[in-house]
Amino acid sequence: MDYGPAPESDAEVRAWLATHKSSFGHFIGGSFVTGAKQIDTNEPATGKLLARIADGSKKDIDTAVSAARKAQGSWEKLGGHGRARHLYALARMLQRHARLFAVLESLDNGKPIRETRDLDVPLAVRHFYHHAGWAQLQDSELSAYKAIGVVGQIIPWNFPLLMLAWKVAPALAAGNTVVLKPAEFTPLTALLFAELAHKAGLPPGVLNVVTGEGATGASLVEHAGVDKIAFTGSTEVGRLIRKATAGTGKSLTLELGGKSPFIVFDDADLDGAVEGVVDAIWFNQGQVCCAGSRLLVQEGVAADFIKRLKRRMGKLRVGHPLDKAIDMGAIIDPIQLKRIGMLVDKGVAEGAEKFQPEITLPATGCFFPPTLLTNVETSSTVATEEIFGPVLVSMTFRTPDEAVMLANNSRYGLSASVWSETIGLALDIAPKLQCGVVWVNATNLFDAAVGFGGYRESGFGREGGREGIYEYLKLKAWAARKPKAVQRVAAEAEVKPNFDEPALDRTAKLFIGGKQARPDGNYSRAVLSPSGKIVGEVGEGNRKDIRNAVAAARAAEGWSKATAHNRAQILYYMAENLSARADEFASRIKAMTGTSKAKSEVEAAIQRLFSYGAWADKYDGAVHAPPLRGVALAMHEPLGVVGVICPDEAPLLGFISLISPLIAMGNRVVVVPSERHPLAATDFYQVLETSDVPAGVINIVTGGRDTLLKTLAEHDDVDGLWVFGSKENSASAEKLSTGNLKRTLVDHGLATDWYDTASSEGPVLLRHAVQVKNIWIPYGE
Ligand code: NDP
């Protein structure tokens, strides 16, 4: 017995293509608009021309952005309920045309019809339904927020329709309008979607599709009329986009690459885990950002597991994507095929052993066999680079700790699979993995209610769930902020040499690793009153001091593991100790700033510490009930080490407002206090010393904001950066932090009202102090 061919008909797709003469313009303002230049899109399975599409120019992008801008006001004014009805209509439209979408996607991308039919299309439908719900609930659940405006969305070729749904559904639900740039290899389902959405009543200009190459995407990123960019694709292009948007005020989410571990413990159901591997790395030919591409097997079962896996690989069927009985289809393009081959050869050259089963591949077209590389060194190219093809690399480990170490030995952090029949072990490992999604005894599960996104260089922001809808909203209180009054920057002359002079005994030192420390350069800077009188001196921190502070913060890892109850107690303790010295702080603030509000500032700072003590054990995650037998736990995890640049306004309250949410959530901070009025923060050392704050949790480095900011932004051991300073500070924070893709929160030089709780207290900041990890736990026998 063997499989016969079971082809799905492509007649409906061919008919649709024929109505367009297999030639497409952009979809702008509710109709197709001819582009000046055209490019081909081919069928990966046969190499044959499928259609010609427009290659979007700067002008096309401009036309699309104008159409989106024109439509945005009335789309937002339509209200949540009105938009919900449109999103429901889109979901139903997709369902009605499910087969057409599934076949078109298979032809354009080369992936098996089984996948497009059973996963891509149903999940896309689910995203529109789910987000119709968010639109409906916007007024009640998200009333402090409003739409961002016009959103530019750039998507890759591996899940063309699904990525459209992940991006378009939340954007439209929240009241934004969209200009979407699909990948040049796979533009057709987006064009079909736009056409049918218009027929389903979506107003013109709400969703615009501009096709083209990378340069078209770059024009969208650079367009001044775009308020947000949402990107999925390679880490390399993600970095370019981070740089291009830095300082522009555009909001940004990046969903980038991965090299995800698939961890098999010796007590795992080995046959189940083998099936898991099939879904992890041969699903969509391994062209999946969260593919389980690094197999880590516990030593005792490794030989057995690899044997079973090889046997299973021999049963995989590679063939035409429209054949309903195949497991793997075609690779997207000859360029990608060549790249996969080159990386496999490199792996072998670096010592790996290659296994490819003896299975038949189609004679023509873009096909690559399922491949297993064993004997792989942890540092080899194939173990570290994203291959983005059907290639699994395998390594072994002995203990759970070693598994975690190997799993985290990557610059990426998108997802992980953990296989063990001991739930205690699996749930002990899951929080230790540096990634945004963990599947326990499962892999590649997705749902619109469960956020998806990465840690580290896998990008930032989430798609799906409550955390995903926030990415398309802006806080009303922040939207109303005005530029700060121009602040005087401390002049060169105020920086004095020789820290050791007797007259400078009163000079406040730095606070690093729980101790007061002299600045490395032995320089100090004067702190002046508004009338120019010296009211004190502080240390002039430099790069070395920041590095020491980061090392201290990094070492204080215990804080991130401490219980929320414990962190709450310390925040309360800080509040009490500040309260005991309230008058002292008030007079210091008055001396530095001349404000008549010094007492109320201290009072507000005390209250804020109390508030975050209260929040510490309440801003917790959620339990989602996705449509499967199981749960997904949305855990709020700290970012790690976060740099904080404090504003000059409200020097104590601003400082407290920024560090408290971070430490409440388990982060460790390196803080640069107000450059102009730093003494409120240096006086705070005594509060820290008497409040049982563990060494290294809060490190304070005074000095010139620009220099210290640069070192923090470029430091690869800093995970996040909050900058509340000038517009230029925000721009350099975003630009310089691209190295390790830090999560940044910046004020763009706009004045935050630190006394207004809606602007500066609670979830508005706590949301930025955590990253959500979703742990999927299916259950049942
Ligand atoms: P890219 O990151 O280049 O492409 C993703 C999207 O961005 C596409 O729409 C692309 O357009 C567009 N784009 C390309 N350059 C720019 C730019 N400078 N500014 C704005 N947009 C741009 O990925 P590739 O398709 O080239 O694939 C290369 C590698 O990226 C893969 O081998 C894989 O490792 C990784 N990748 C990761 C994905 C993920 O989901 N994490 C998805 C896809 C790829 P166009 O297609 O027209 O070039």
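The values are calculated or read from the model by the stated rules, or taken from the named source; none is laboratory data. Values in this document were obtained by computation on a predicted structure and should not be read as measured data. Every residue, glycine among them, receives a Cβ derived from its backbone with ideal geometry; neighbour counts consider all protein chains shown. Quick note on the areas: whole protein, heavy atoms, side chains included, nothing else; ligands and nucleic acids left out. Shrake-Rupley method; radii C 1.70, N 1.55, O 1.52, S 1.80 Å.
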Item to check | Of residues in segment 1-43 being open to solvent by less than 30 Å² (accessible area, probe 1.4 Å) and among the charged types (D, E, K, R), the one nearest to Cys366 (Cα to Cα) | outcome: Glu43
Item to check | Within segment 668-684, tally of residues that are in contact with a helix residue (DSSP H, G or I) (Cβ under 7 Å, 6 or more places away or on another chain), in a helix (DSSP H, G or I) and either open to solvent by less than 10 Å² (accessible area, probe 1.4 Å) or without any contact (Cβ under 8 Å) to a residue 24 or more places away in the chain (or both) | outcome: 3
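Tell me, which helices (runs of 4 or more DSSP H) lie completely within segment 685-772 with 3 or more residues that are of a type in the set (A, V, I, L, M)? Walk me through it before giving the result.
Details: elements: 705-714, 727-736, 757-760, 763-769.
Filter on segment 685-772 gives 705-714, 727-736, 763-769.
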Item to check | Hits in segment 612-647 - residues which are assigned to a helix (DSSP H, G or I) and in contact with a Ser or Thr (Cβ under 8 Å, 6 or more places away or on another chain) | outcome: Tyr612
Checklist entry - Does Ala591 satisfy being assigned to a helix (DSSP H, G or I), touching a Lys or Arg at 6+ places or on another chain (Cβ under 9 Å) and not aromatic (Phe, Trp, Tyr)? => result yes
Item to check | Single unsatisfied condition, Gly389 versus (1) farther than 13 Å from Ile263 by Cβ; (2) open to solvent by 10 Å² or more (accessible area, probe 1.4 Å) | outcome: (2)
Checklist entry - Are there any pairs with C-beta distances below 6 angstrom linking a residue in segment 543-555 that is at pLDDT 95 or above to a residue that is surrounded by fewer than 23 Cβ atoms within 10 Å (Cβ to Cβ), with the two at least 6 apart or on different chains, and if so which? => result Lys544/Asp520; Asp545/Asp520; Val550/Asp717; Ala552/Gly513; Arg554/Asp717
Checklist entry - How many residues does segment 289-326 hold that are surrounded by 18 or more Cβ atoms within 10 Å (Cβ to Cβ), out of contact with any Pro (no Cβ under 6 Å at 6 or more places or on another chain) and over 18 Å from Thr371 (Cα atoms)? => result 3
Next on the checklist: Every residue in segment 752-770 that is open to solvent by 40 Å² or more (accessible area, probe 1.4 Å) and of a type in the set (A, V, I, L, M, F, W, C), please.
Outcome noted: Ala758
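Let me confirm something: among Thr384, Thr422, which residue is within 16 Å of the ligand (Cβ to nearest atom), closer than 24 Å to Lys773 by Cα and of a type outside the set (A, V, I, L, M)? Reasoning before the result, please.
Details: Thr422 fails: within 16 Å of the ligand (Cβ to nearest atom).
Answer to the check: Thr384.
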Checklist entry - Taking segment 731-744 as the region of interest, how many residues are open to solvent by 10 Å² or more (accessible area, probe 1.4 Å) and either under 30 Å from Glu603 (Cβ atoms) or among the aliphatic types (A, V, I, L, M) (or both)? => result 2
Checklist entry - Could you say whether any residue in segment 182-190 is farther than 15 Å from Leu252 by Cβ, open to solvent by 10 Å² or more (accessible area, probe 1.4 Å), among the charged types (D, E, K, R) and within 14 Å of the ligand (Cβ to nearest atom)? => result yes
Item to check | Residue match in segment 611-632 (condition: open to solvent by 10 Å² or more (accessible area, probe 1.4 Å), touching a residue at least 40 places away in the same chain (Cβ under 8 Å) and more than 30 Å from the chain's Cα centre (by Cα)) | outcome: no
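Going by what's in this entry, would Val382 be described as open to solvent by less than 10 Å² (accessible area, probe 1.4 Å), in contact (Cβ under 8 Å) with a residue 24 or more places away in the chain and assigned to a helix (DSSP H, G or I)? If you could, list the steps in order and put the result at the bottom.
Values: open to solvent by less than 10 Å² (accessible area, probe 1.4 Å): yes; in contact (Cβ under 8 Å) with a residue 24 or more places away in the chain: yes; assigned to a helix (DSSP H, G or I): yes.
Taking the combined requirement at face value, the residue satisfies it.
Residues that are within 11 Å of the ligand (Cβ to nearest atom) and more than 20 Å from the chain's Cα centre (by Cα): find the strands (runs of 3 or more DSSP E) completely inside segment 206-271 holding 1 or more of those. Quick ask: steps written out before the conclusion?
On the way: elements: 207-209, 228-232, 251-255, 260-264.
Strands (runs of 3 or more DSSP E) meeting the threshold: none at all.
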